[in-house]
Amino acid sequence: AVISDPEQNLAIEQKESDHILPDSKMTPLRFRKRTLHETKIRTHSTLTENVLSHKLQFDGRIMSRNGRDACRELIGFFFTHDQSLTIYEYRQFGKNRTIVLPFIQKSIYSHQCGRRKGKQYRLGDFYVTASMDQEDDIVIQETNDRLVFKAIQDVLKEKLHKRGVRILTGLGKYFQQLDKEGNGLLDKADFKEALKVFHLEVSEKDFESAWLILDDHGNGKADYGEFKRGIIGEMNEYRKSYVRKAFMKLDFNKTGSVPITNIRKCYCAKKHSQVISGHSTEEEIKSSFLETLKVACSKSDEVSYGEFEDYYEGLSIEIIDDEDFVTILRTPWGI
């Protein structure tokens, strides 16, 4: 599910819970004993705290190519009694002081984009139940939207196989160069040309069907991040969590970009399969990785989070098993 407030987009990893402690496997040790919404919640009615305890807990992330935003640690609660939402952020001050700060105050929020723009969030946006009381026509439309994108992704799957890294990193850089205004939006002609340049052509009918969904504001423009996710697909949240962990280890200053020199120092090719087999040296593997990564970069001496994610997004296309992907990512970065 995707949550939008007027200024931010959050991708939600759902997690049903009667407790408010963060999941012990997903949350760093220093956060595990912190509790939220445990006592004294003020209400404007006769609702008791016991009623308010009926909620869903979830982890979230900001959908952003800015590393400082994408790597922020968020935890949220959805209260089923009044369909309200609250999200907190873990912020570290100094070496040993961590504070939980409100990111979105407890309130009722509505969808800011998509088929349900302006409509209130509901239980089905966070947790799949056997019977979801939702507007049937909207659910059908959203299902059809997913089928449109799935059909296009299936067509492009073969073209992306073994070329995923090169295409995803190339597309990211291409879109960034076209985006003169820096607002993340491009028009239909730009997207058509991009698909042609990277040999990812789809039928006119499929493209027009996708465009009707992507151009949800009807202004002839679409977000190129949404375009990539719709046309090509994206790796799941489990994989993305490890990509963020690797980047956060590299970006210890939390600037959103990492110098190439830091990546060279941290990347370890000792356990790479080709090094173990004797077909390549550690330096050859490291140089090959850095050269491929630098092709995606708008600056020759540093890598942004978006560019780092594009590399692994392309790699993810070529690897079916989640654990195989995680192993390939964890080994060189030591995470």
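Carbon-plus-sulfur fraction of the accessible area of segment 220-311, 1.4 Å probe, in percent?
With neighbouring chains kept in place, the figure for segment 220-311 is 51 percent.
Shape verdict for segment 137-232, please, from the Cα gyration tensor: rounded (a/c under 1.5), prolate (a/b greater than b/c) or oblate.
Cα axes put segment 137-232 in the oblate bin.
GluC sites (Glu not before Pro) within segment 298-334: which are DSSP loop residues with at most 14 other Cβ atoms inside 10 Å?
Sparse-neighbourhood loop GluC sites (Glu not before Pro): Glu318.
Trypsin sites (Lys or Arg not before Pro) within segment 287-335: which are DSSP loop residues with at most 12 other Cβ atoms inside 10 Å?
Here the sparse-neighbourhood loop sites are Lys299.
Which FRET efficiency value, to the nearest 0.05, do you get for Val139 and Lys192 by plugging their Cβ-Cβ distance into 1/(1 + (r/R0)^6) with R0 = 35 Å?
Working: r = 30 Å, r/R0 = 0.87.
So, using R0 = 35 Å, E works out to roughly 0.70.
Run down the aspartates and glutamates and flag those whose C-alpha is under 16 Å from the C-alpha of Lys271, throwing out any fewer than 8 positions away in its chain.
Partners found: Glu282, Glu283, Glu284, Asp324.
How many Å² of accessible area per residue for segment 49-109, probe 1.4 Å?
Here the per-residue accessible area is 46 Å².
Answer with one residue from Thr143, Thr169, Ser209: the one whose Cα lies farthest towards the positive end of the charge dipole of segment 137-232, charges on Cβ with Lys, Arg +1 and Asp, Glu -1.
Working it through, the farthest residue towards the positive pole turns out to be Thr169.
Under unit Cβ charges (Lys, Arg +1; Asp, Glu -1), what dipole magnitude, rounded to 20 debye, does segment 237-331 have relative to its Cα centre?
Using only the charged Cβ atoms, the result is roughly 480 debye.
How high is the relative contact order of segment 137-232, in percent, counting Cα pairs under 8 Å that sit 6 or more residues apart?
Answer for segment 137-232 is 39 percent.
Lys254: which lysines have alpha carbons under 16 Å from its alpha carbon, excluding same-chain residues fewer than 8 sequence positions away?
Lys95, Lys245
Go through 246-258, 273-285 and give me the packing order, highest mean Cβ count within 10 Å leading.
246-258, 273-285
Test of the criteria: in segment 144-191, which trypsin sites (Lys or Arg not before Pro) are in a DSSP loop and have at most 11 other Cβ atoms within 10 angstrom of their Cβ? All intermediate terms of the calculation are to be shown ahead of the outcome.
Values: sites: Arg146, Lys150, Lys157, Lys159, Lys162, Arg163, Arg166, Lys173, Lys180, Lys188; in loops: Lys162, Arg163, Lys180.
Filter output for segment 144-191: Lys162, Lys180.
Can you give the accessible area per residue of segment 237-331, in Å², using a 1.4 Å probe? Before the final figure, lay out each step's value.
Working: 5000 Å² over 95 residues.
Accessible area per residue: 53 Å².
The values are calculated or read from the model by the stated rules, or taken from the named source; none is laboratory data. These numbers come from a predicted model, not from an experiment. Every residue, glycine among them, receives a Cβ derived from its backbone with ideal geometry; neighbour counts consider all protein chains shown. When the accessible area is computed, the model is the full protein with side chains, heavy atoms only, and any ligands, DNA or RNA have been set aside. Shrake-Rupley method; radii C 1.70, N 1.55, O 1.52, S 1.80 Å.
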